[in-house]
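Take a look at the structure set out below.
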Amino acid sequence: MRGLRRGRVPAQGNGAGRRHDLLSRLLAPFISVAILATLLLLATGPSRVPEVGPGDPTASSGTDAVPERAAGTDGDTSPRDRVELGTPTSKPAPGLDVFYDQTISWLACQDGAPGSSDRCGTVRVPVDYLDPRGETVEIALRKVPAGKPKQRKGTLFINPGGPGASGLDFAKEARDFFSADVREVWDVVGFDPRGVGESGGFPCLRGRDLDAMYAADPTPDTKAEKAAAVASRTARLEGCLSRGGALARNMGSEQVARDLDIMRDAVGDTHLNYFGISYGTLIGALYGAQFPDRIGLMVIDSAVSPDYVPMESASQDDVDRWARDEAETVEEGLDAFLKDCVDAGECALGDDVDAARTKLLAFLDGLDRKPLPSDADGIPLLTEGWAVTALDAVLLYQDSWGDVGDALHVALEEGDGTDLVWAAMDSVRRDDDGSYVGGFESSHLPIHCADWPLDATDQLQPSRSVLDAHPVYAHLYGVQTDSCTGWVGTQRSNLILTVDAASPVLVLANERDLTTPPDGTREMGRGIFGSRFVLVDADGHGVYANDNDCADSIVDDYLVRSLAPRNGETCPA
């Protein structure tokens with residue numbers, strides 16, 4: 001949630017015009033998890049030569065071969081390396097054999113359209129991997145079968161990020177998101193991670209908890225306001241742990257990665273083939289850290305910064321430096337929105353960007369003192385917190401600029417906060433009945449605390465001098481809404497990412513991604529030895545299916561033809 005964001009988390013989104021919007025809908029809420037990362041200066045060594053061995057035995061031996069595109073053909077002069085997968089030698093950990101002896105019963109999905117080929121099933125996993133004989137939970141999966149079974153390569157597991165976003169929803173959109181080439185040769189399988197949606201989902205944060213969190217003052221000034229903010233953060237975590245029980249205490253990306261290995265075995269694949277975006281990249285990376293010889297074709301798209309700075313290792317100077325870096329990104333994103341408003345004419349905020357910024361901040365300060373009335377169901381007042389939630393969208397989605405700009409006009413000129421509340425509701429996927437769609441908002445907290453336990457900014461906030469120098473950042477992200485103080489669950493063990501990958505992992509970043517900037521994706525790439533990093537001259541969050549033919553071709557070559565680019569390749573706009 002709000003607060004310092006070294007590795008940001010949310011939204012993707014149209015391949016040629018439409019596909020990127022699909023993922024935007026899945027991950028519409030903007031989560032500012034306080035993920036801190038050291039700039040681990042691991043020089044990328046020479047690419048590790050993958051073990052040459054037999055192809056994945058799960059590949060079909062049908063007569064119709066997958067069409068190959070040799071490196072340097074069709075006008076592409078960039079060389080490609082053939083990906084060869086070795087034979088894994090790892091075995092299940094003691095006590096887990098029973099979970100590796102499952103067969104998925106694939107049945108027609110109940111929500112499927114008549115004639116749909118989508119199939120749904122479940123896999124059972126232990127709630128606590130240290131107590132495999134204890135409680136279990138069923139992981140829900142949705143499969144979009146390969147379009148050409150004779151060319152089928154295996155199963156491609158997908159995760160849209162979040163943390164806690166629904167992979168079942170992502171799978172529903174797979175036909176529009178992935179290219180026809182990919183869909184023809186892969187069974188595309190999405191899943192709800194443990195504790196989310198249909199995989200044992202529980203009300204970690206209820207609708208009223210989230211309403212109160214978004215409505216809360218994002219700029220507490222007095223001791224009483226600051227104390228109330230701390231108390232509400234603590235109460236949210238305590239309530240989540242109470243309602244979620246053992247499952248809440250055993251969430252986190254390392255646990256999901258272990259679940260993935262059981263899923264991999266259940267579909268009959270010897271290697272995990274995986275496409276992860278945003279926070280889903282951490283799941284893929286941590287899978288590789290635990291099962292390096294099981295890595296198949298893995299796409300890491302727009303990664304979070306993977307490395308963790310424990311509280312005792314960070315100083316106030318560190319936190320202030322991170323905040324200043326973050327502030328520059330936030331200011332750049334907001335100014336782009338304000339410039340668009342001004343250039344369009346009749347902008348209610350002013351005639352130039354500086355004036356518009358000043359008026360916007362004054363408007364937010366005014367809401368802190370006196371909220372505007374709202375007719376939105378269940379939200380009678382536009383508070384500063386709800387207004388900031390609406391403004392979050394403009395930092396992520398350029399297609400939200402018009403709606404948010406119009407809503408600001410109504411609020412400023414007519415004193416009616418309804419449209420801005422609706423914009424905020426749309427941003428965090430809140431329905432009129434008070435429910436939040438998709439699991440992302442309600443489920444992220446235990447995942448955050450398991451992955452980033454007691455990080456430096458849980459106790460250290462940016463200095464007042466930094467916040468005063470960057471008022472936009474101070475209003476939008478200067479105060480955290482999450483806290484892991486009192487977390488009693490599992491904690492990530494691989495805190496400085498190290499993946500000794502046996503095959504080249506494809507790592508992708510957009511040059512002007514305001515959600516997960518390319519530096520964080522580079523960090524993840526450095527931690528995955530032998531990975532192939534590709535930088536794309538593009539805006540937005542999510543490289544694949546973002547209107548860049550070069551990037552899409554690289555991903556399709558990798559997934560369909562097992563051809564990896566050279567490390568450091570770039571794609572023009």
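Where a number appears in this text, it was derived from the coordinates with a stated rule and is not lab data. Since the model is a prediction, treat every value here as computed from it, not as a measurement. For neighbour counting, all protein chains shown are included, and Cβ atoms are generated from backbone atoms with ideal geometry for every residue, glycine included.
Three semi-axes describe the equivalent ellipsoid of the stretch 353-411; taken as square roots of 5 times the Cα gyration tensor eigenvalues and ordered largest first, they are 18, 16, 10 Å. In straight-distance terms, cross-link reach from K148 covers every one of the lysines whose alpha-carbon lies under 26 Å from its own, apart from those fewer than eight places away in the same chain; here that gives K172. Computed about its Cα centre, the charge dipole of the stretch 320-385 is approximately 300 debye, with only Lys, Arg, Asp and Glu carrying charge at their Cβ.
Positive end of the dipole of the stretch 221-308, charges at C-beta (+1 Lys, Arg; -1 Asp, Glu), about the Cα centre: which of C240, A257, T270 has its Cα farthest in that direction? Positive-most Cα among the choices belongs to C240. Karplus-derived 3J(HN,Hα) values for the stretch 123-132, using 6.51 cos²θ - 1.76 cosθ + 1.60 with θ = phi - 60°, are 10, 8, 9, x, 5, 10, 5, 7, 9, x Hz; glycine and proline are entered as x. Bridgeable aspartates and glutamates around K91 (alpha carbons under 13 Å apart, same-chain partners fewer than 8 residues away excluded): D101, D261, D265, D293.
Overall, the stretch 175-257 carries a charge dipole of about 480 debye about its Cα centre when +1 sits on the Cβ of Lys and Arg and -1 on the Cβ of Asp and Glu, all other atoms neutral.
Phi angles across the stretch 413-422 convert, under the Karplus curve 6.51 cos²θ - 1.76 cosθ + 1.60 with θ = phi - 60°, into 3J(HN,Hα) values of 8, 10, x, 10, x, 4, 5, 6, 5, 4 Hz, Gly and Pro given as x. Excluding same-chain neighbours fewer than eight residues apart, the aspartates and glutamates reachable from K150 by a Cα-Cα span under 20 Å are D56, D64, E68, D118, D181, E184, D187, D269, D556, D557. Close amide H partners of S166, meaning residues 5 or more places away or on another chain with modelled amide H under 5 Å apart, are F440. Building the convex hull from the alpha-carbon atoms of the stretch 160-279 and averaging its projection over directions returns 9.7 nm². Give the residue from G378, T358, H409 lying farthest towards the positive end of the charge dipole for the stretch 356-409; charges sit on Cβ (+1 for Lys and Arg, -1 for Asp and Glu) and the dipole is referred to the Cα centre. Going by the Cα projections, it comes out as T358.
What percentage of all Cα-Cα pairs in the stretch 235-313 are separated by more than 19 Å? Pairs farther apart than 19 Å: 48 percent. Counting pairwise Cα distances across the stretch 352-494, what percent come out greater than 21 angstrom? Everything past 21 Å amounts to 53 percent.
Taking the average, over residues, of other Cβ atoms within 10 Å as the packing measure, peptides 216-227, 106-117 rank 216-227, 106-117 from highest down.
Think of each Lys and Arg Cβ as +1 and each Asp and Glu Cβ as -1; about the Cα centre, that makes the dipole of the stretch 198-246 roughly 140 debye. Along the stretch 551-568 the Karplus relation, 6.51 cos²θ - 1.76 cosθ + 1.60 evaluated at θ = phi - 60°, assigns HN-Hα couplings of 5, 4, 5, 4, 5, 5, 4, 5, 6, 8, 10, 6, 10, 9, x, 6, 4, x Hz to successive residues, with x for each Gly and Pro.
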